[in-house]
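Everything below concerns the one structure shown next.
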Amino acid sequence: MSDETSGRSDADRSARSAPMPSVERVDPGEIGTVARVLAHGYTEDPIHHWAMPRAETRLQDATTFFTFYLRRMRTQSWDVFATTDRSAVVVTSLVRKGRGAYPGEVRRLPPMLRSLSRVNDYFQWIETFRPDIDHRHSEFLGALPTARRGTGFLLLSSVLKMFDREGLPVWTWSSNPLNLPFYRRLGFEIRKELRRDDQTPPVTIIWRPVMPVADGGERR
């Protein structure tokens with residue numbers, strides 16, 4: 001029988017045995033950090049490959065996109081959470097019935113952002129499938145390549161408990177089919193796949209109903 005830890009350094013084994021980081025709300029002053037983590041997390045995302053086709057500049061392009069997006073769209077409705085070591089972040093928003101997720105709507109993003117990435121119109125199209133009820137929107141979830149395995153799950157699971165206590169369902173979507181099992185494990189229902197045309201990547205709508213939470217904060 002072989003030792004599965006053979007070949008690992010003492011530092012690797014120490015990192016794996018260290019306690020997982022906790023989760024906290026992020027201050028808007030950390031836009032740069034949040035944008036950098038999200039850019040790393042989306043380097044293999046089909047939408048980013050489509051919108052940012054140059055592999056050699058994709059990471060920088062994504063960092064610029066997220067920086068402008070967060071600065072423009074989230075300063076008045078900032079609701080971002082991260083692990084304490086900032087290895088994973090999730091951008092969320094509270095959406096009320098009869099209102100969209102984006103203040104002023106996505107079409108009002110700065111011209112520079114529209115010229116940098118074609119996701120502007122794509123996001124606007126996806127918005128038409130949003131349910132018209134009070135809910136939470138899980139917009140972006142990303143982690144650094146150096147993040148410990150399970151960090152993203154820990155982060156989103158902790159945030160979902162907060163939303164359960166608020167009594168609000170969660171709506172999101174994914175363009176990466178590899179992400180769907182991850183969401184299923186967190187109680188999301190995988191809804192229909194949407195395809196705009198033959199040139200743009202399809203996306204899958206994902207919905208999570210409110211789950212009961214025990215008095216101690218744990219789900220029943």
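Side notes on the structure shown:
- Only one entry in 101, 35 is modelled with pLDDT of 80 or more and either touching a Ser or Thr at 6+ places or on another chain (Cβ under 9 Å) or not in a strand (DSSP E or B) (or both), namely 35.
- Residues that are touching a residue at least 40 places away in the same chain (Cβ under 8 Å) and part of a loop (DSSP other than H, G, I, E, B), drawn from the stretch 149-165: 150
- For the stretch 125-143, the candidate set comprises residues that are aromatic (Phe, Trp, Tyr) and not in a strand (DSSP E or B); within that set, the residue that is surrounded by the most Cβ atoms within 10 Å (Cβ to Cβ) is 125.
- For the stretch 68-86, a tally of residues being at pLDDT 90 or above and closer than 14 Å to residue 140 by Cα returns 3.
- Every listed requirement among (1) aliphatic (A, V, I, L, M); (2) outside any helix (DSSP H, G or I); (3) surrounded by 21 or more Cβ atoms within 10 Å (Cβ to Cβ) is met by residue 168 save one, (3).
- The conditions of being touching a strand residue (DSSP E or B) at 6+ places or on another chain (Cβ under 7 Å) and free of Cβ contacts under 8 Å to residues at least 12 places away in the same chain are met by residue 184.
- Meets criteria (crowded, with 16+ Cβ neighbours inside 10 Å and touching a residue at least 24 places away in the same chain (Cβ under 8 Å)) for residue 146: no
The values are calculated or read from the model by the stated rules, or taken from the named source; none is laboratory data. Model, not experiment: these values are computed from the prediction. With ideal geometry, Cβ positions are generated from the backbone for all residues, glycine too; neighbour counts draw on all protein chains shown.
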